[in-house]
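**Q** Before we start, here is the structure in question, set down as structure tokens.
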Amino acid sequence: MESLLYFFSGFRWQDILDILLNSYILFRLYILFRGTNVIRVLFAFCVLWAVSQIAAPLGLIITNWARQGVITIAALIIIIVFRNEISSVLQTKDLKSFLWGIPRFQSHTPLSIIIESVHELADKKIGALIVLPLKQGLDSVVQKGISIKGKLSQEMLVSVFWPDNPLHDGAAIIQGDWITSAGVILPLSKRTDLPSLFGTRHRAASGLTELTDAMVIVISEESGKISLFKKNKTYNIKSRSAMETLLKKHAGDDSVKKRFRRQTIELATAGLISLLCVTGVWLSFSKGIETLATHEVPVEFINPNQKMKIISSSASSVKLLISGARPLINSIKPKQINIKLNLAQAVIGVNKLSITKENILLPPGIQLKDINPSVLDITLDTLIEKQLPIQPNWSGKLPKGLVMKEAEAFPKTIRVTGGGMDLKNISTIFTEPILLDKLTESGTATIGLLLNPTSLRLKESTKIQIRYTISKKSTHKNKS
Amino acid sequence: MKILFYFIVIVLFFAANVCSEQPHAKITMVQAVMCESIENFQPINPGVIFSISSGEVFCFSNFDPVLEKTHVLHKWYKKDRLIFTMPLTLSPPKWSSFSRVQIRDADKGPWRVEIHNTNDILLQTLRFSITD
């Protein structure tokens, strides 16, 4: 009981919403793809995942390698193999059926019409191939014929297979009380144990029933015999009652109430499994092995006074020690963690700003353990402009016997923008060092300016000309 | 009447001018240079570059006339940092005075000397560099 309480400790309403939302998505996927092979393949992937969980700790190298390879190309395989199913689901124009509609049960197939039609065709020795699908989709198995979507009637069904009808060669597919398509090409069976008297229709019927759960009715054109194919079994129909029994068995001989109850149980089970799966995943994320990690996160400053400028900060990034389940820690991207400091109350000068949990945005499921440094010294200043004189910064050594009498910068002054506190103590802008060693006569040097601190900005970027006058040192000393 | 008005205006103008210039008018600086040495109250090898091998740098300032005893300040800055201030006394009728620093390897870089009068008004700035 205690361990159960531990599991659900710290359960937030967002977690409930998270689990319910994803459970519903999983449930919807089941609803949309049930009856197709997608569900079976997804089950296969679940088995594969379970195998990988066992193979890795046991050190089964090849199994693990093969599993990795399959999972790597799994998405590609699913898209290619199930393109028809996926496109039919995505192309549905009915948003209701896509998002929340639940097909409760298929409309009842009027078996008597089929039986009568089949016997009429048999009596007239008209060859026919009729497919009655069950749960599995046929799209990935058959080559689509002509879409009919005609209401099932004896006349309609017989006319489909009537000689000289362009569609009479293929199979007709009946879903509910509709003939959905005709002229459909079925896959031929490769079985070698089929009776030799079976023609192409029989092989096609056998081929389809080997791959799906559909039932196929075949009427021999030569003998007028009726055969029913279901899975790997073939039934030769001698009477209407025998055929009715088999068709009822195929369609499910339940009453409407019974079928409704069975489908309700199926949907409830699917919903419960979805909920359990997602809850399991959530628990593995949130209550899995606790992992610690350190992230260095840049600090963002919000609501700054437009007249002020950040001159310096004791740190531009902060180390956060965080914990959480390993998958969550591993999946964290830098932009998911934010530190935002509010500068609305900051004043000119040094501001000590504390970083608390309220300033830090973490992804759900991640806990904050430590902040380093937890206090930042932010220096703010107002931007001002100042006209400053330029002074050449000479370096090296003037050749012996020479003296530089004058040196003047052009322009003499320059307008500098920067923090008021910085500029308060600055009264000169110096040039980059100018080497003296090779100067032997008067001339002009073009040089850039050194801005210290680097936060200073020039109104206009300009090169400075230094005009200098060099002459020989006087050897005698003036006397007066 | 008009002439009287102009006369009063001119008198007031000159009076105001004399009053405002009174503190400055006590001294007039005729020369201010940086030099390698001073001999006989004259600067030797004035310039803007001084090698540390010369050992010292002088700031020479010459005032003529000096109407009354007063003093000026030589403020020595390395880059923008005030290194020291030297008050210099000036006596009538004219006076030359200087201040100096001994320079070492660590003093290399751009310097300036600001010459201020007794009211701390800047009279002139001399810019120079100490190099190898």
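The values are calculated or read from the model by the stated rules, or taken from the named source; none is laboratory data. Owing to the predicted nature of the structure, the values given are computational and were not obtained by experimental measurement. Positions of Cβ are backbone-derived with ideal geometry, glycine not excepted, and every protein chain shown enters the neighbour counts. The accessibility values were calculated without ligands, DNA or RNA, using every heavy atom of the protein model including side chains. Shrake-Rupley method; radii C 1.70, N 1.55, O 1.52, S 1.80 Å.
**Q** Quick one: check the C-alpha center-to-center distance for the range B:53-132 versus the range A:182-242, whole angstrom.
**A** Computed from Cα coordinates, the inter-centre distance equals 118 Å.
**Q** Provide the percentage of antiparallel DSSP beta bridges, counting only those with both residues in the protein assembly as shown; round to the nearest 5.
**A** Bridges in the protein assembly as shown that DSSP calls antiparallel: roughly 90 percent.
**Q** Would you tell me the accessible area of A:K248, worked out with a 1.4 angstrom probe on the heavy atoms of the protein chains, in Å² to the nearest 10?
**A** 80
**Q** With a 1.4 Å probe and all protein chains kept in place, how much accessible area does B:D80 have, in Å² rounded to the nearest 10?
**A** Spelled out: B:D80, probe radius 1.4 Å, area about 40 Å².
**Q** What are the principal axis extents of the Cα atoms in the range A:17-69, in Å, biggest first?
**A** Over the range A:17-69, Cα extents along the principal axes are 37, 29, 14 Å.
**Q** How long is the gain from A:E460 to A:L76 if the chain were fully straight, where each residue apart is worth 0.36 nm and the alpha carbon distance is subtracted?
**A** So the chain would gain 132.5 nm between A:E460 and A:L76.
**Q** Nearest 100 Å² is fine: what is the total accessible surface buried where chains A and B meet, probe 1.4 Å?
**A** 2100
**Q** Same structure again: Taking a probe of 1.4 angstrom, what is the accessible area of A:T440 in Å², to the nearest 10?
**A** 90
**Q** Run a plain Debye calculation on the range A:290-381 (Cα atoms as equal point scatterers, no solvent) and give log10 I(q)/I(0) at q = 0.12, 0.14, 0.17 Å⁻¹, rounded to two decimals, same order as the q list.
**A** Debye intensities relative to I(0), on a log10 scale: -0.39, -0.52, -0.70.
**Q** Find the Cα radius of gyration of the range A:272-342, compare it with 2.2 N^0.38 Å by division, and give the number to two decimals.
**A** Relative to the 2.2 N^0.38 Å estimate, the range A:272-342 comes out at 1.64.
**Q** Please identify the DSSP H helices in chain A that span no less than 27 Å along the helix axis (Cα) and have a mean Kyte-Doolittle hydropathy of 1.0 or more.
**A** Result, helices passing both filters: A:13-33, A:37-58, A:61-81.
**Q** Now a separate question. For the range B:78-118, take every pair of Cα atoms, bin their distances at 10 Å starting from 0, and report each bin as a whole percent.
**A** In order of increasing distance, the bins hold 20, 49, 23, 8 percent.
**Q** Let me ask something else about it. Rounded to the nearest 5, what % of DSSP beta bridges with both residues in the range A:383-472 are antiparallel?
**A** In the range A:383-472, approximately 85 percent of DSSP beta bridges are antiparallel ones.
**Q** Return the calculated 222 nm mean residue ellipticity for the protein assembly as shown, to the nearest 500 deg cm²/dmol, obtained by summing -39500 (n - 2.57) across DSSP H runs with n ≥ 4 and dividing by the residue count.
**A** Dividing the helical sum by the residues of the protein assembly as shown leaves -10000 deg cm²/dmol.
**Q** Report Rg (one decimal) and Dmax (nearest whole number) for the range A:383-472, counting Cα atoms only, units Å.
**A** 14.5, 47
**Q** Are there residues in the range A:373-392 whose accessible area shrinks by at least 40 Å² when all protein chains are included rather than the chain by itself, and which are they (probe 1.4 Å, ligands and nucleic acids not counted)?
**A** A:Q391
**Q** Quick one: give the max-minus-min coordinate of the C-alpha atoms of chain A along each principal axis, largest first, in Å.
**A** Dimensions of chain A along the principal axes of its Cα atoms: 149, 62, 48 Å.
**Q** Using 1/(1 + (r/R0)^6) with R0 = 60 angstrom and r between the beta carbons of B:A106 and A:A56, what's the FRET efficiency to the nearest 0.05?
**A** 0.35
**Q** Among residues other than A:N425 whose Cβ falls under 10 Å from its Cβ, what is the net charge (Lys/Arg +1, Asp/Glu -1)?
**A** 0
**Q** Using a/c under 1.5 as the rounded threshold, could you call the range A:155-306 rounded, prolate or oblate? The axes a ≥ b ≥ c are square roots of the C-alpha gyration tensor eigenvalues, and prolate needs a/b larger than b/c, oblate otherwise.
**A** prolate
**Q** Which whole-percent values make up P(r) of the range B:24-131 when all C-alpha to C-alpha distances are grouped in 5 Å steps starting at zero?
**A** 2, 13, 25, 25, 17, 11, 5, 2, 0
**Q** Once you charge only the Cβ atoms, +1 for Lys and Arg and -1 for Asp and Glu, what is the size of the charge dipole of the range A:383-472 about its Cα centre, to the nearest 20 debye?
**A** I would put it at about 120 debye.
**Q** Let me know the shape class of the range A:329-449, please: from the alpha-carbon gyration tensor, a ≥ b ≥ c as square roots of the eigenvalues, rounded when a/c is under 1.5, otherwise prolate if a/b is greater than b/c, or oblate.
**A** Since a/c reaches 1.5 and a/b is larger than b/c, the shape of the range A:329-449 is classed as prolate.
**Q** Assign unit charges at the C-beta atoms only (+1 for Lys and Arg, -1 for Asp and Glu), then state the dipole size of the range A:291-424 relative to its Cα centre in Debye, rounded to the nearest 20.
**A** Value, rounded to 20: 220 debye.
**Q** Taking every pair of alpha-carbon atoms in the range A:212-277, give the share separated by more than 13 Å as a whole percent.
**A** Considering the range A:212-277, 72 percent of its Cα-Cα pairs are separated by more than 13 Å.
**Q** Treat every Asp and Glu Cβ in chain A as -1 and every Lys and Arg Cβ as +1, leave all other atoms uncharged, and give the resulting dipole magnitude about the Cα centre to the nearest 20 debye.
**A** Charge dipole, chain A, about its Cα centre: 1420 debye, nearest 20.
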